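The values are calculated or read from the model by the stated rules, or taken from the named source; none is laboratory data. From a predicted model like this one, the values you see are computed outputs, not experimental measurements. Backbone-built Cβ (ideal geometry, glycine too); neighbour counts: all protein chains shown.
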């Protein structure tokens, strides 16, 4: 276990606006040191089930939030236009939607567990020096990323618009446990796409990669300002 590695707010990354180039590089080197070694695939069924249930719960809560935001708006628009023609009461409608969303969340949770099962024979992610490598098995080209060139970590399910991104940020890391996180680099064309939920400490890994990407972005801004 990597106790304390992901504690706090990224070790001051959120305050790096006041840091010099040398301080930013030192902080990046510190995070890279924390990343060293293997990040194993989670094969513990109890752990997988717990994460999948948590992801399903976040899916349910997120859907409820969307319904609470958009339904009143659409209701008022149709009411004003005079085209409102609900065949059931609002309470009945809310009950039906809650059941539908619960079923969707249950399916999502099941899909998350299936996804983890497919990853069970995949090798660990390895960080050696400043290079992250993921050899996903026979017949696959090893995916590689130079951490000093990492510019962005993008979760696919939370990049579909501003509203969706806000909701996923509100729900926290559990909402994107089983989303592919693309590691964007200008230099590496075969960089990994990481699903944190299939790793034993996937959220910790993603948080550290977010921190490195933020530092690299700030360093690029400083260089462009010179």
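Assorted remarks:
- Comparison of 49, 28, 54 shows that the only residue that is surrounded by 12 or more Cβ atoms within 10 Å (Cβ to Cβ), under 17 Å from the mean Cα position of the chain (by Cα) and in a helix (DSSP H, G or I) is 54.
- Note on the stretch 131-141: residues that are more than 22 Å from the chain's Cα centre (by Cα) and either touching a residue at least 12 places away in the same chain (Cβ under 8 Å) or not assigned by TED's automatic domain parsing to the domain that holds residue 193 (or both) total 2.
- Top-ranked residue of the stretch 182-208 - restricted to ones that are free of Cβ contacts under 8 Å to residues at least 60 places away in the same chain and buried (at least 22 other Cβ atoms within 10 Å of the Cβ), ranked as farthest from residue 27 (Cα to Cα): 196
- Pick from the stretch 1-24, criterion in contact with a helix residue (DSSP H, G or I) (Cβ under 7 Å, 6 or more places away or on another chain) and in a helix (DSSP H, G or I), ranking: modelled with the lowest pLDDT: 13
- Residues being outside any helix (DSSP H, G or I) and touching a helix residue (DSSP H, G or I) at 6+ places or on another chain (Cβ under 8 Å) are entirely absent from the stretch 213-223.
- When the residues of the stretch 118-161 are filtered to those that are part of a loop (DSSP other than H, G, I, E, B), under 24 Å from residue 174 (Cα atoms) and in contact with a helix residue (DSSP H, G or I) (Cβ under 9 Å, 6 or more places away or on another chain), the one that is modelled with the lowest pLDDT is 159.
- Scanning the stretch 162-184 for residues that are modelled with pLDDT under 70 and over 18 Å from residue 69 (Cα atoms) returns 172, 173.
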